[in-house]
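Structure record follows, encoded as structure tokens.
Taken together, the values in this text are just the output of simple stated rules run on the coordinates, not laboratory data. Model, not experiment: these values are computed from the prediction. Quick reminder, even Gly has a Cβ in these numbers, built from the backbone with ideal geometry, and neighbours come from all protein chains shown.
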Amino acid sequence: MLEKRSQRRVGLEIPIKVCRPGSNTAITAHYQDLSWAGASFITNDISIQPGDRLILYFPWTNRQSFTIEADVMRCETLEAERHRVAVRFTTVGHQDNQRLTKLIELLSSGQPEVSQGTPPFVPTLELVFDDQEEMRQKLSEIALGGVSITAFGAYQIGQSLLLSVGYPDDFQTLRLRARVKSQSIEDPGDSLRPCLVTLELAFEHPLDELQRLTQRHMRLERK
């Protein structure tokens, strides 16, 4: 399910380009809102159904654009044969993720102030190591497309988050898009401390890019 409360959204009304994989034929659509995890848009193409894979094009500087693959999670029929389509981002290049984050920051700069307790645009989970060998083992696990970690606090299944991997006060921290596949509670906690959970995470970057990123980080460690 596309997360509803774990991601803050930016409301907007702009025309966008949406295509099906392998096709350059654009589906006429207008954004309704955008978050770091997904988006919703209005379209006249009523053939779009939950489970479909789409390619979304986002505007960038110098009349360029960047693309993100997304899965259709929900469709709602509106008046005049229009669809409201909610999608979850599934495959995002590392550089395109940085562009998406910057785009959301720019779009949100004119938004009203948010109250305390409002979900962040980019929920972040930090994975900090003191031991180099432990770091290398975890990077090798990440390179295969998934990782198991222990964290405080409960998460939503399917929630997207930014996983920060590094040493304390390390400027070479590796930041990756991840999604919660499963969660098991190791300690329920109490009124004074949060619960302790084990999370199984999958990554939302292409596997070959994920492997390049982790290998490069390992090389930087040896210097």
*Assigning unit charges at the beta carbon (Lys, Arg +1; Asp, Glu -1) and nothing else, what dipole magnitude in debye, to the nearest 20, does the chain show about its Cα centre?*
640
*From the P(r) of the chain, can you give the percent of Cα pairs sitting at distances over 21 Å?*
60
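If you restrict to DSSP beta bridges whose two residues both lie in the chain, what percentage is antiparallel, to the nearest 5?
Numbers: 57 of 62 bridges.
Around 90 percent of the beta bridges assigned by DSSP in the chain are antiparallel ones.
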*Rounded to the nearest 0.05, what FRET efficiency do GLN64 and THR198 have when you use their Cβ-Cβ distance and R0 = 45 Å?*
0.65
*Seen from all sides and averaged, what is the projected area of the convex hull of the Cα atoms in the stretch 127-190, in nm²?*
5.2
*Note the angle between two axes, namely the Cα long axis of helix 94-108 and the longest principal axis of the Cα atoms of the chain, as a number of degrees from 0 to 90, rounded to the nearest 10.*
60
*What is the log10 of I(q)/I(0) for the stretch 7-96, computed with the Debye formula using one identical point scatterer on each Cα and no solvent, at q = 0.21, 0.23 Å⁻¹?*
-1.06, -1.28
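Provide, for the chain, the number of lysine pairs with alpha carbons under 25 Å apart, each pair being eight or more places apart or on different chains.
Numbers: LYS4/LYS17; LYS4/LYS102; LYS4/LYS181; LYS17/LYS102; LYS138/LYS181; LYS138/LYS223.
Within the chain, the lysine pair count is 6.
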_Only Cα pairs within less than 10 Å get springs; with that Gaussian network setup on the chain, which residue of ASN24, ASN44, ASN97 has the largest fluctuation?_
ASN24
